[in-house]
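Asker: Mind looking over this structure? Questions follow.
The values are calculated or read from the model by the stated rules, or taken from the named source; none is laboratory data. All figures in this text were calculated on a predicted structure; none of them were measured in a lab. Virtual Cβ from ideal backbone geometry, glycine too; neighbours counted across all protein chains shown. For accessibility, only protein heavy atoms count, side chains too; no ligands or nucleic acids. Shrake-Rupley method; radii C 1.70, N 1.55, O 1.52, S 1.80 Å.
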Amino acid sequence: MKAMVIGAGIGGLTTALSLHAAGIDAQVHESVADMRGLGVGINLQPNAVRELVELGLGDALAAAAIETAELRYYNKYGQLIWSEPRGLAAGYAWPQYSIDRGDLQMILLAAVKQRIGAGNVFAGHHLVSFEQDGSGVTGHFMDRESGKDLPPQRADILIGCDGIHSAVRARLYPHEGLPVSSGRIQWRGVVEGEPFLGGRTHVTMGFSQRRAVVYPVSRKVADRGRSLINWVAVLGEQSASGARATWDRKVPKDRFFGQFKDWNFRWIKFADLICDTDDIYEFPKDDRDPLPRWSFGRVTLVGDAAHTMLPIGAQAGSQAIVDARVLAFALATTRMAERALELYEQQRRPIMNAVTMRNRKFGPAIVMEIAEQRAPQGFARIENVMTYRELADIAHAYKVEAGFDPTAVNQRASLTV
């Protein structure tokens, strides 16, 4: 069997590696001609790390990433709402990692080129269309820089791993339209600074209309006694200023800094981090409505192409990795390709649709919304605002729904074929 993988992001590269491990030939087609990693942070939950370790990438991850030990939520005054151990510290058999997305993508890309051959990775190949028949799928590509058509490719199946603006999804759902706006805008930056809260803590602070996420992402920098800190600042749309004609662009900090200028707390100087950052980028905070179907004959979707979700609970990248492994397992253990794609979807789509909708209601970060509603002026003790049981139940329920509670992850066999 041969697969065409559309997209060389985290989901696409993990799909190629998983297919190869299952004895399935794969070719990867990426729109971008220069495949360089983007330098922003990403979190990998233990259920995803388990699968990457089984793919033989454990040592590379450990050398590049921060092993996350704790998760904390704070209000807009820097007062602690909830904390919990993460990864090995929480009893998982695998760690949780925070890593520079570019580092992760290069780890995956190097492994893909080594295992399936660099000649099977086609950069600068933008999918224009595809058609399928009873024996396979034909993909048509173009070079977006020159506008020239490229030779068509043929495979038994086609897997769309091409993100929120997926060309594959657009062909399957031509009338879907643009992503759904949350009414919020986010700004991202990466800066080297002093370690905070032990150097292995993931922090979210504020509430829906004024929120920040901060965590370290580099083992190499940590080994020097410093932290490479990924930060995200989020504001409700009414709080942001300026044109919205383009996205993913470099912007000055004055577009949002006024709302965070007082966020220098005892345990972190967040306002100072923003000021020390050279390059700041602006993004929409969008998702897409859950789909009623991912697989059509010999074509299916993986990762953000299948279930674009708001960046709540550190799920998108991890779930794309799990998608890839479930899909490869189904293809390796089911005789008919079309049936394998259906089985993959049956296992993953209901879970991902539920998480997508849960994230629209802030997922586990709902504890910050509750704290803001009940104590908008802050609190002396969180116990006067929310009980420990209420906080713990919210955290546990999200892990169960998203498929990464410790008991399930540790007991479930790896998807290695």
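Asker: Quick check on the stretch 41-64. Is at least one of its residues out of contact with any helix residue (DSSP H, G or I) (no Cβ under 8 Å at 6 or more places or on another chain), farther than 22 Å from residue 283 by Cβ and either assigned to a loop (DSSP other than H, G, I, E, B) or among the hydrophobic types (A, V, I, L, M, F, W, C) (or both)?
Answerer: no
Asker: Continuing with the same structure: If you take the residues of the stretch 139-156 that are under 23 Å from residue 338 (Cα atoms) and touching a Leu at 6+ places or on another chain (Cβ under 9 Å), which of them is surrounded by the fewest Cβ atoms within 10 Å (Cβ to Cβ)? It would help to see each step written out before you state the result.
Answerer: Looking only at the stretch 139-156, we keep the residues that are under 23 Å from residue 338 (Cα atoms), and these are 139-140, 152-156.
In the following step, the residues that additionally are touching a Leu at 6+ places or on another chain (Cβ under 9 Å) were identified as 139-140.
Numbers: 139: 24, 140: 15.
That would be 140.
Asker: Quickly run through the stretch 150-166 and pick out the residues that are part of a strand (DSSP E or B) and within 22 Å of residue 18 (Cβ to Cβ).
Answerer: Here is the first cut: in the stretch 150-166, the residues part of a strand (DSSP E or B) are 150-155, 157-160.
Within the stretch 150-166, 153, 154, 155, 157, 158, 159, 160 meet the criteria.
Asker: Here is a further query. Which one of these is among the aliphatic types (A, V, I, L, M) and more than 18 Å from residue 319 (Cβ to Cβ): 88, 61, 57, 108? Write out each step before concluding.
Answerer: Working: 61 fails: more than 18 Å from residue 319 (Cβ to Cβ); 57 fails: more than 18 Å from residue 319 (Cβ to Cβ); 108 fails: more than 18 Å from residue 319 (Cβ to Cβ).
So the residue among 88, 61, 57, 108 that is among the aliphatic types (A, V, I, L, M) and more than 18 Å from residue 319 (Cβ to Cβ) is 88.
Asker: Residues 111, 93: which one is part of a loop (DSSP other than H, G, I, E, B), touching a helix residue (DSSP H, G or I) at 6+ places or on another chain (Cβ under 9 Å) and hydrophobic (A, V, I, L, M, F, W, C)?
Answerer: Among 111, 93, only 93 is part of a loop (DSSP other than H, G, I, E, B), touching a helix residue (DSSP H, G or I) at 6+ places or on another chain (Cβ under 9 Å) and hydrophobic (A, V, I, L, M, F, W, C).
Asker: Can I ask one more? Return the only residue of 34, 59 being open to solvent by 20 Å² or more (accessible area, probe 1.4 Å), among the charged types (D, E, K, R) and either within 19 Å of residue 6 (Cβ to Cβ) or touching a residue at least 24 places away in the same chain (Cβ under 8 Å) (or both).
Answerer: Working: 59 fails: either within 19 Å of residue 6 (Cβ to Cβ) or touching a residue at least 24 places away in the same chain (Cβ under 8 Å) (or both).
Step by step, each of 34, 59 is checked, and only 34 is open to solvent by 20 Å² or more (accessible area, probe 1.4 Å), among the charged types (D, E, K, R) and either within 19 Å of residue 6 (Cβ to Cβ) or touching a residue at least 24 places away in the same chain (Cβ under 8 Å) (or both).
Asker: Hey, can you tell me all the residues within the stretch 302-323 that are hydrophobic (A, V, I, L, M, F, W, C), farther than 26 Å from residue 70 by Cα and in contact with a helix residue (DSSP H, G or I) (Cβ under 6 Å, 6 or more places away or on another chain)? Give the derivation first.
Answerer: Taking the stretch 302-323 first, the residues hydrophobic (A, V, I, L, M, F, W, C) are 302, 305-306, 309-310, 312, 314, 316, 320-322.
With the extra rule that they be farther than 26 Å from residue 70 by Cα, the set shrinks to 302, 305-306.
Correct list: 302, 305.
Asker: What's the number of the only condition in (1) in a strand (DSSP E or B); (2) open to solvent by less than 10 Å² (accessible area, probe 1.4 Å); (3) not aromatic (Phe, Trp, Tyr) that residue 169 fails to meet?
Answerer: With (1) in a strand (DSSP E or B); (2) open to solvent by less than 10 Å² (accessible area, probe 1.4 Å); (3) not aromatic (Phe, Trp, Tyr) applied to residue 169, the lone miss is (1).
Asker: Name the residue that is farthest from residue 59 (Cα to Cα), counting only residues in the stretch 78-96 that are open to solvent by 20 Å² or more (accessible area, probe 1.4 Å) and polar (S, T, N, Q).
Answerer: Top of the filtered list is 79.
Asker: Moving on. Could you grab me the full set of residues in the stretch 201-254 that are of a type in the set (Ser, Thr, Tyr) and modelled with pLDDT of 95 or more? Show your work before the answer.
Answerer: Just the residues of the stretch 201-254 that are of a type in the set (Ser, Thr, Tyr), to begin with: 201, 204, 208, 215, 218, 227, 239, 241, 246.
Within the stretch 201-254, 201, 204, 215, 218, 227 qualify.
Asker: Going residue by residue through the stretch 96-107, is there one that turns out to be touching a strand residue (DSSP E or B) at 6+ places or on another chain (Cβ under 7 Å) and small (Gly, Ala, Ser)? Break it down into steps so the answer makes sense when it comes.
Answerer: Initial filter on the stretch 96-107 (touching a strand residue (DSSP E or B) at 6+ places or on another chain (Cβ under 7 Å)): 96-101, 104.
Keeping just the survivors that are small (Gly, Ala, Ser) gives 98.
The answer is yes, given that some residue of the stretch 96-107 is touching a strand residue (DSSP E or B) at 6+ places or on another chain (Cβ under 7 Å) and small (Gly, Ala, Ser).
Asker: Report the residue count in the stretch 37-56 for those that are of a type outside the set (A, V, I, L, M) and either without any contact (Cβ under 8 Å) to a residue 40 or more places away in the chain or closer than 30 Å to residue 249 by Cα (or both). Talk me through it step by step, then tell me what you get.
Answerer: Taking the stretch 37-56 and keeping what is of a type outside the set (A, V, I, L, M), we get 37, 39, 41, 43, 45-47, 50-51, 54, 56.
From what's left, either without any contact (Cβ under 8 Å) to a residue 40 or more places away in the chain or closer than 30 Å to residue 249 by Cα (or both): 37, 39, 41, 43, 45.
Final tally of qualifying residues: 5.
Asker: Do the conditions hold for residue 416, that is, is it open to solvent by 20 Å² or more (accessible area, probe 1.4 Å), assigned to a helix (DSSP H, G or I), closer than 29 Å to residue 108 by Cβ and modelled with pLDDT under 95?
Answerer: Values: open to solvent by 20 Å² or more (accessible area, probe 1.4 Å): yes; assigned to a helix (DSSP H, G or I): no; closer than 29 Å to residue 108 by Cβ: yes; modelled with pLDDT under 95: yes.
No: the conditions fail for residue 416.
Asker: For the stretch 97-117, does any single residue satisfy the condition of being over 30 Å from residue 406 (Cα atoms), open to solvent by less than 50 Å² (accessible area, probe 1.4 Å) and in contact (Cβ under 8 Å) with a residue 40 or more places away in the chain? First the steps, then the outcome.
Answerer: Step one: list which residues in the stretch 97-117 are over 30 Å from residue 406 (Cα atoms), which gives 110, 113-117.
Next cut, open to solvent by less than 50 Å² (accessible area, probe 1.4 Å) only: 116-117.
Next, only the ones that are in contact (Cβ under 8 Å) with a residue 40 or more places away in the chain stay: 116.
Yes, the stretch 97-117 contains at least one residue that is over 30 Å from residue 406 (Cα atoms), open to solvent by less than 50 Å² (accessible area, probe 1.4 Å) and in contact (Cβ under 8 Å) with a residue 40 or more places away in the chain.
Asker: In addition: Please list, ordered by residue number, the helices (runs of 4 or more DSSP H) wholly in the stretch 282-378 having 3 or more residues that are open to solvent by 50 Å² or more (accessible area, probe 1.4 Å).
Answerer: Details: elements: 304-307, 316-333, 337-360, 366-374.
Correct list: 337-360.
Asker: Does the stretch 351-368 contain any residue that is over 16 Å from residue 209 (Cα atoms) and without any contact (Cβ under 8 Å) to a residue 12 or more places away in the chain?
Answerer: Looking for residues that are over 16 Å from residue 209 (Cα atoms) and without any contact (Cβ under 8 Å) to a residue 12 or more places away in the chain, one finds none in the stretch 351-368, hence no.
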